[in-house]
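A short worksheet on the structure shown next.
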Amino acid sequence: MKRVLLIDDMEMVLTQASHILKDRYELSVCSDADEVPKILENERPDIVLTDMYLEGDGAYRILKMIRESDDLKGIPVLFTGCDVSVMALSKAFSLGAADFVKKPFTENIVFKKIEEQLRLAETGFRYDP
């Protein structure tokens, strides 16, 4: 079973996403960007979904940390959000984000995007900025 790390600072989103994802993936959840390095040190997810608007620049720090790590840089990082500007998406993709998933999640869309990125990662595709 593939591992998904879901990062969001809204409990409602974590609950909704956990309900959708828990039967298909081994799921870890986190609500604080500062906890992510410790989580990544102890377990290696196959994919990361992170809220684009974590406190401060948390999502961008997470993405940068993953892309700069030799051990982690192959992990796809999907940004999530409700209303996102073109500029914010452009920044995310320029830093190596794999894709974007709109919240609230729709099961078939989130599954499709996760599976697509997992397949790409298995081929060795790199998300280098």
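Read the figures in this text as sums done on the coordinates, not as results from a lab. Just so you know, these numbers come straight off a predicted model, no measurement behind them. When we count neighbours, we look across all protein chains shown, and the Cβ atoms used for this are built from the backbone with ideal geometry, even at glycine.
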| query | What residues have an amide H closer than 5 Å to that of V29, excluding those fewer than 5 places away on the same chain, when H is modeled at 1.01 Å from N in the peptide plane? | reply | L6
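Fewest to most neighbouring Cβ within 10 Å: what's the order for C82, C30?
Least crowded to most crowded, the residues run C82, C30.
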| said: Just want the answer: with Cβ charges of +1 for Lys and Arg and -1 for Asp and Glu, which residue in I47, G58, L120 is farthest toward the dipole's positive end in the chain? | reply: L120
| Magnitude of the charge dipole, the stretch 29-128, Cβ model with Lys/Arg +1 and Asp/Glu -1, debye to 20 | 360
| note | For the stretch 29-46, in residue order, the Karplus 3J(HN,Hα) values (coefficients 6.51, -1.76, 1.60; θ = phi - 60°; whole Hz; Gly and Pro = x) are 10, 8, 10, 9, 4, 5, 7, 4, x, 5, 5, 5, 6, 8, 8, 10, x, 7
| field | Gained length - R126 relative to S85, 0.36 nm times residue gap less alpha-carbon distance | value | 12.3 nm
| query | When the distances between all Cα atoms of the chain are binned every 5 Å from zero, what whole-number percent does each bin get? | reply | 2, 11, 24, 27, 23, 11, 2
